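*Asks:* First the structure, which I've put down as C-alpha cells, then a few questions once you've had a look.
The values are calculated or read from the model by the stated rules, or taken from the named source; none is laboratory data. Not measured: the values here are computed from a predicted model. Every residue, glycine among them, receives a Cβ derived from its backbone with ideal geometry; neighbour counts consider all protein chains shown.
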Amino acid sequence: MLYADSDGNVFEHPYYRMLGSSGDSHEILGEEDLMPMPEFSKLFFIPDCPPIGLDPATGKSKVIKRVKVEGGYQKCFAVASFLEPGIVRSHLPAVDYSNKSYILPMWGYTAVGFRDDSYHVAAFRIEYNHKWDPRNYDDRKLVPAIRRFKKTGHGGALTEHLTNCAVNNHCFAAKNLFLKRWEAPLPVSRTCNANCLGCLSLQPDDQCSSSHQRIAFKPDRDEIVSLAVGHLNDAIEAIVSFGQGCEGEPLTEYRLIAESIREIRGKTDKGTINLNTNGGWPERVREVAQSGLDSIRISLNSARPEFYRAYYRPNNYEFDDVVASIAISREHGLYTMLNYLVFPGITDQEEEIEALTCLIRRTGVNFIHLKNLNIDPQLYMKTIPSTGSRAVGMKRMTEIIQREFPDVKLGYFNQPVR
C-alpha cells in the first residue's frame, strides 16, 4: 500500500497491503487486476483522506490514519494514479473520504500500489495507438512548428486559441494541428445544453477548478475552413474534429459547423471530418450529417436514462434524444462511436451491461471508446442512483460486450475513416 505525507511525498507502507474500490465496495486485488503503471501516468495524493489498507494477518480492511516513523508518528493520506491514454482502470483507490470538505479536481483516480521496485495500477490496456503516445509530443519540436505555421499565413482568434491549448494546456490534438499530422481540433462553441457534473471546461467557482478554459468567442467560418482544409490536405492520416474539451456542446453552433463542412468538402475530399457531441439534438445531428460529416462520437456515462440524467443534467433534451441521434448517425452512413465514460462499480453492473447491450442492438454503433470518467469518486457516488445491481468487473464487462458484438470495436481513440 502507498501513502503520502502532508507535503505529497509518497511512501510504501511497511505492513498494510493495497486495496481497490469498485463503487462503494473495497476489494482485494488479484494478479489479473494489476499491471505495471505506464510510464507517462501520474501520482496524486488526496489531502485529509487516509487510505484504506488490507491487514495481511487478518484479511480485514482498515483505515490507516498514521504510520510510525523515526521520531514519532506521521499522518497518512491516500495516493491515486492518473493513467496515460489507452488504459482503462478496473478499480478506484480505497480511500476514507469522511473528513473531506472539498471537491477533487476532475481526474480519473485509479488504485495504485508498489511492488518489486515499481508502481502497479488496477487497470488494463484497451488500445495502444502510437499517435497518442506521449513520446511523440516533444515541445522542443512544437514551438518551432507553431512559428512556421503562422508564417504560412495562418492567424486569427481560433489559431491563437489553439496555440494556447497546445503550449499551455498541452492538448495533444492542438499540438497535432501545428505538427501537421493526425487528429486536430476545431472548437466552435461557447455554450452547452447540459450541466455535466464532471465538465472539464466549466465548473462553479465554489466547487473546483476546471482543467482549462472554454473558448470565449465564435470562430470565423473562413478561419475554420482554412485550418481544416490545410490540415486535411497536408497532414498524415488527417482528422479534424468539432467538439473539444475546451468548448461547450458543438451542436449549439450546428449551422456554423454544417456551413463550414460544406465549404471544406467543396475544397478537398481528403481526410476525415468528425464531430464529438452529446447528441442532445437529433435533427441538428441530421443536418450536420447531411453536410458531409464522416464520423461522429456521442458521449454518455450510462445506457440507463436515470444514470445519464444524474451526470449530464441535460437542459431541454432527454436520453431518448441521444439514442435517436445515434440511430440517425448510422442511418446516414456515419462511422458512429460512443464516448463511453466508465466508472468501476457502475459501468460493470449487470443492469448497465444489459442496458448497453440493448442500446448497441438498437442502434448498431461501430466503435465504443472506454474513457475513464474524470471526476471526484465521492461526488459521483453521491449523485448517481443506487440500484443494488451486482458489478462483475471492468474486464469482464468488456469481454461480455466483445463476445455479444464481435464486430463492434472497443478502444480509446478516434479513428480515421477516409
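*Asks:* Please count how many residues of the range 134-151 are touching a residue at least 12 places away in the same chain (Cβ under 8 Å) and assigned to a loop (DSSP other than H, G, I, E, B).
*Replies:* Residues that pass the stated criteria total 1.
*Asks:* Regarding Ile87, is this residue modelled with pLDDT of 95 or more, closer than 20 Å to Gly345 by Cβ and surrounded by fewer than 17 Cβ atoms within 10 Å (Cβ to Cβ)?
*Replies:* On the way: modelled with pLDDT of 95 or more: yes; closer than 20 Å to Gly345 by Cβ: yes; surrounded by fewer than 17 Cβ atoms within 10 Å (Cβ to Cβ): no.
For Ile87, the condition - modelled with pLDDT of 95 or more, closer than 20 Å to Gly345 by Cβ and surrounded by fewer than 17 Cβ atoms within 10 Å (Cβ to Cβ) - is not met.
*Asks:* Name, by its number, the condition in (1) within 30 Å of Pro314 (Cα to Cα); (2) touching a Phe, Trp or Tyr at 6+ places or on another chain (Cβ under 9 Å); (3) in a helix (DSSP H, G or I) that does not hold for Asn164.
*Replies:* (2)
*Asks:* Which of the following residues is crowded, with 19+ Cβ neighbours inside 10 Å and in contact with a Cys (Cβ under 6 Å, 6 or more places away or on another chain): Tyr308, Tyr335, Tyr312? Even if it seems obvious, please write down each step before you answer.
*Replies:* On the way: Tyr308 fails: in contact with a Cys (Cβ under 6 Å, 6 or more places away or on another chain); Tyr335 fails: in contact with a Cys (Cβ under 6 Å, 6 or more places away or on another chain).
Residue meeting the stated conditions: Tyr312.
*Asks:* Follow-up question, since we're still on this one. Farther than 30 Å from Pro416 by Cβ and of a type in the set (S, T, N, Q): is that true of Ser90 in this structure? Let's see the steps before the verdict.
*Replies:* Details: farther than 30 Å from Pro416 by Cβ: no; of a type in the set (S, T, N, Q): yes.
So Ser90 fails the test.
*Asks:* Tell me which residues, restricted to the range 227-246, are within 16 Å of the chain's Cα centre (by Cα) and modelled with pLDDT under 95.
*Replies:* Gln244, Gly245, Cys246
*Asks:* Between Ile368, Ile273, which is farther than 30 Å from Leu92 by Cβ, part of a strand (DSSP E or B) and either free of Cβ contacts under 8 Å to residues at least 24 places away in the same chain or in contact with a helix residue (DSSP H, G or I) (Cβ under 9 Å, 6 or more places away or on another chain) (or both)? Give the steps one after another, and end with the answer.
*Replies:* Values: Ile368 fails: farther than 30 Å from Leu92 by Cβ.
Of Ile368, Ile273, the one residue that is farther than 30 Å from Leu92 by Cβ, part of a strand (DSSP E or B) and either free of Cβ contacts under 8 Å to residues at least 24 places away in the same chain or in contact with a helix residue (DSSP H, G or I) (Cβ under 9 Å, 6 or more places away or on another chain) (or both) is Ile273.
*Asks:* Quick one: what pairs do we get from the range 47-73, first residue free of Cβ contacts under 8 Å to residues at least 40 places away in the same chain and hydroxyl-bearing (Ser, Thr, Tyr), second surrounded by 14 or more Cβ atoms within 10 Å (Cβ to Cβ) and not in a loop (DSSP other than H, G, I, E, B), C-beta under 8 Å, 6+ apart or different chains?
*Replies:* Tyr73/Val67
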